[in-house]
Amino acid sequence: MQVDRCTGALINPQLDILPSHDNLLSNGVEFSQDGKLLYISNLSTIRQYYLEAVDIFSSMQIVAENSPTQNCSIDVGSNIALFGQMQLAPDNQIYISLAAQCNDVHIIRHPNVRGVGCEVEQNAIILPTFVSGTIPNTNTYRLGPLDGSACDTLGVDNHPVSRYWYEQDSLDFLTAQFWDVSYFRPEQWLWDFGDGITSTERHPQHSYADKGIYEVCLTVSNENSSNTSCETLYLGISDTEDWEDKIAVSIYPNPTEGLTRLVLSDYLPEQGIISLYDISGTKMLSQRIQVGATILDLTGLDLGTYAYEVRDGQQLIGGGKVVRI
């Protein structure tokens, strides 16, 4: 199947009918960022179709399954939490709601990858409030023209804009996976990891030799222009500076009824730990953290105010108070 860009008409449309019992509640449909894969969520599965296959329907793979039982992170009674609507976000990940009253959101981490390598993470995000089968709508501002197309009436070219994000390796804190999310048709990528090493891969993994502060830059290019974006990466405690002024640590929601999240931005800890103390100074919780969001489960704690501190090894990098209501 193709789309006529001049008229918007579908060319050679194909029809596939899913079992009726598998479409009881809201369904989701979304495309991967590169447009090669189609995802459909229904009662208990997420299906992936390869749109460049000779027989698209034969290319179908089930990349996630969800038994029709309660799977919300918070007990909401007898509601069945099923796969719901889907939305491709600016970070090139697909977010999936649950077709029931729940506060969880699933994520397809790598939608451009065929098969289970697309990595569907269920219950990846816990929202502070319940939703029922809906997903936030992300406006699509990153679609450019098709350069050279007779149907393009805008008279503009794609000038790429550089953007990226990264994940810390769970076993080796010196290793990070970098993900390009640039837009307006980048064709070439040049990474500078700030330690003298570069890469022309689109989504490289890089290991640093030692702790330190590195400026990571990504330059993307096409025949029209190039663009560069840079971020400072704080990798472990490397000196005796006042890290509390450099590292953003926050907890939300706060106050919380039990489940909350700690967000650690722009810092990759070597041995990141959050500790929670009651009013008498007794340690009530100790949990390993990494860059990004870490879910904290406080449902077992008494109502009240607790002090928390975030350390990397022996170095204090943040702290504050959290209220359990």
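Rule-based calculations on the coordinates, nothing more; no lab input. Since the model is a prediction, treat every value here as computed from it, not as a measurement. Glycine gets a Cβ as well: all are built from the backbone with ideal geometry, and neighbour counts include every protein chain shown.
Looking only at residues in segment 275-292 that are on the phi < 0 side of the Ramachandran plot, out of contact with any Leu (no Cβ under 6 Å at 6 or more places or on another chain) and part of a strand (DSSP E or B), the one that is surrounded by the most Cβ atoms within 10 Å (Cβ to Cβ) is 275.
Residues in segment 119-134 that are crowded, with 17+ Cβ neighbours inside 10 Å, out of contact with any Ser or Thr (no Cβ under 9 Å at 6 or more places or on another chain) and among the β-branched types (Val, Ile, Thr): 120 only. Of the strands (runs of 3 or more DSSP E) lying entirely inside segment 129-239, those containing at least 1 residues that are over 30 Å from residue 254 (Cβ atoms) are 175-180, 188-192, 205-207, 212-221, 226-235. Among residues of segment 161-183 that are more than 24 Å from residue 222 (Cα to Cα) and touching a residue at least 40 places away in the same chain (Cβ under 8 Å), those with a beta-carbon under 7 Å from a residue that is of a type in the set (Gly, Ala, Ser) and not in a strand (DSSP E or B) at least six positions away or on a different chain give the pairs 173/236.
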